[in-house]
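Q: A single structure is presented below for examination.
The values are calculated or read from the model by the stated rules, or taken from the named source; none is laboratory data. Keep in mind it's a predicted model, so treat the numbers as computed, not measured. Neighbour counts run over all protein chains shown; Cβ positions are idealised from the backbone, glycine included.
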Amino acid sequence: MTKSIGLQLLLSSLFFSAANLSNAFTTAGPSCLSHRRIATNDFFARNQLSSSVTMAARCENENGADVESSSDEMNSNSNAMRQLQSRRKFANVGLLSTLASLTFALDGANAQDEIEAAVSASVVDEDPLINVYFGCGCFWHVQHEFVMAEKKILGRSDDQITARTGYAGGIAGSKDGKVCYHNAGNVADYGKLGHAEVVGLTIPKSKFYDFAVEYFKLFDASGNRPDQSGDRGTEYRSLVGIPGGAKGEYAKLLIDASIATGDKLDFGIGKGDDKDLRKTSFVMDNTGAKGFPFYVAEQYHQFHDGFNLNENYPGSYNKLAATFAKGGEDFGSCPNGSLGLGIGGL
């Protein structure tokens with residue numbers, strides 16, 4: 001048997017084993033996982049979201065019978081799925097790493113490079129990046145909190161931060177390709193276009209729940225925004241932009257995170273140009289032709305001090321906007337505020 005034929009047989013055998021072990025981890029749990037039922041009306045009823053209420057979450061088993069699960073069971077299933085995904089990744093990476101070592105011994109450094117690339121691609125594919133946005137009143141304070149979350153949860157450095165202030169949620173979209181802050185020329189005013197202030201960021205799919213938890217921490221025990229007594233109106237309404245919106249896979253994780261942080265909010269299905277309702281966050285679909293995308297705000301609104309007088313962030317934080325701009329990031333061509341100063345919205 002030549003080395004080439006032996007290598008092919010070894011590759012086939014190990015990949016077959018990897019596939020079987022991966023499937024074994026995937027099918028080790030129940031035949032279908034329960035999920036929290038999304039309300040079909042415009043609002044998620046608050047008592048439907050309470051962790052103390054048993055939810056009628058149904059899925060069909062192999063025999064066509066209905067399976068009911070309580071909220072405790074759903075949380076257990078959610079944890080089980082995360083464990084299964086983690087185990088599957090471990091199995092795939094472990095077997096592929098073994099394959100890489102054996103292949104190197106048989107066929108040299110070129111094969112080693114190819115297998116290492118395959119291992120890397122396997123890990124990346126299992127945890128893709130997603131774009132999301134969160135709105136909770138004035139976006140200055142919200143951006144700072146999510147910058148801190150990126151550092152804490154993902155270990156990102158300053159040059160890796162993706163949190164940006166912006167606008168979203170308006171039916172009109174953009175005007176002449178622009179969405180701008182209030183300005184003397186009345187150019188593409190975000191408020192008149194129906195948008196709210198938000199912070200957009202790019203995060204791993206597996207970390208959405210953790211960032212949703214950070215979002216709900218922005219609200220006090222009564223569900224009020226930090227600036228509830230000051231900034232009011234549709235421009236400051238609370239909203240969350242996720243792939244698929246209320247019908248997507250992230251909606252349940254959003255609800256779970258809300259319950260875990262005190263179940264302080266109700267949720268509305270975002271239709272665009274929504275009202276500013278206290279203790280309510282609108283869930284928007286930020287994808288697709290009929291979705292509500294994120295529009296980045298002007299440079300002078302990026303990494304700004306907070307709205308309260310005592311929210312003065314370090315100079316190193318404030319300078320990030322200029323740093324990213326010098327690096328080639330495009331913050332649009334909107335006028336610099338109401339008076340053209342580009343300071344504090346003026």
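Q: Is at least one residue of segment 320-328 part of a helix (DSSP H, G or I) and exposed (fewer than 11 other Cβ atoms within 10 Å of the Cβ)?
A: Within segment 320-328 (the criterion being part of a helix (DSSP H, G or I) and exposed (fewer than 11 other Cβ atoms within 10 Å of the Cβ)), the answer is yes, since at least one residue qualifies.
Q: While we're here: Take the residues of segment 292-346 that are closer than 28 Å to Ala172 by Cα, of a type in the set (Phe, Trp, Tyr) and assigned by TED's automatic domain parsing to the domain that holds Gly244: which is modelled with the lowest pLDDT?
A: Phe307
Q: Separate question: Can you name every residue in segment 144-187 that is modelled with pLDDT of 95 or more, hydrophobic (A, V, I, L, M, F, W, C), surrounded by fewer than 24 Cβ atoms within 10 Å (Cβ to Cβ) and over 16 Å from the mean Cα position of the chain (by Cα)?
A: If the condition is that a residue be modelled with pLDDT of 95 or more, hydrophobic (A, V, I, L, M, F, W, C), surrounded by fewer than 24 Cβ atoms within 10 Å (Cβ to Cβ) and over 16 Å from the mean Cα position of the chain (by Cα), then Ile171, Ala172, Val187 are the ones that fit.
Q: Here are the criteria: (1) surrounded by 19 or more Cβ atoms within 10 Å (Cβ to Cβ); (2) in contact with a strand residue (DSSP E or B) (Cβ under 9 Å, 6 or more places away or on another chain). Tell me which single one Lys279 does not satisfy.
A: Every condition holds for Lys279 apart from (1).
Q: Would you confirm whether any residue within segment 191-204 is polar (S, T, N, Q), in the same structural domain as Lys152 (by TED's automatic domain parsing) and without any contact (Cβ under 8 Å) to a residue 12 or more places away in the chain?
A: There is no residue in segment 191-204 that is polar (S, T, N, Q), in the same structural domain as Lys152 (by TED's automatic domain parsing) and without any contact (Cβ under 8 Å) to a residue 12 or more places away in the chain.
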